[in-house]
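First comes the structure, then the notes that go with it.
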Amino acid sequence: MNANAIVDAFLDYLQVSKRDNDIIFLNDLIKSHQLKVRWENLTKILDYERGYLTNDFIPPIEEYFNRIIKHGYGGTCWTIAIGFIGC
């Protein structure tokens, strides 16, 4: 999945329309993200073995968004912040 497709799928999940970047758009993104993306740490356990072997405990961006959109996961403050910036 390319970056544009990931962004489009995530915006659709958040129910936020793609538009010009401005403070209103950012506020809408943040509000919807806080309401729909849960804080959880189960994914830290799921990612530990791969992270231990690779020394990279952050999942690939496609996997991160897939977990949110298809499985209802979220992350801790670190993965959520990285994911939010990644889109």
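Annotations
- Candidate set: the stretch 1-20, residues that are among the acidic types (Asp, Glu) and closer than 15 Å to residue 69 by Cα; chosen: the one surrounded by the most Cβ atoms within 10 Å (Cβ to Cβ): 8
- Residue 48 meets the conditions (1) within 18 Å of residue 11 (Cβ to Cβ); (2) at pLDDT below 85 in every case but one. The failed one is (1).
- Within the stretch 44-68, the set of residues being farther than 23 Å from residue 2 by Cα and among the polar types (S, T, N, Q) comprises 54, 55.
The values are calculated or read from the model by the stated rules, or taken from the named source; none is laboratory data. As the structure is a prediction and not an experimental result, all values here were calculated from the model. Note that each Cβ is placed from the backbone with ideal geometry, even for glycine, and that neighbours are counted across all protein chains shown.
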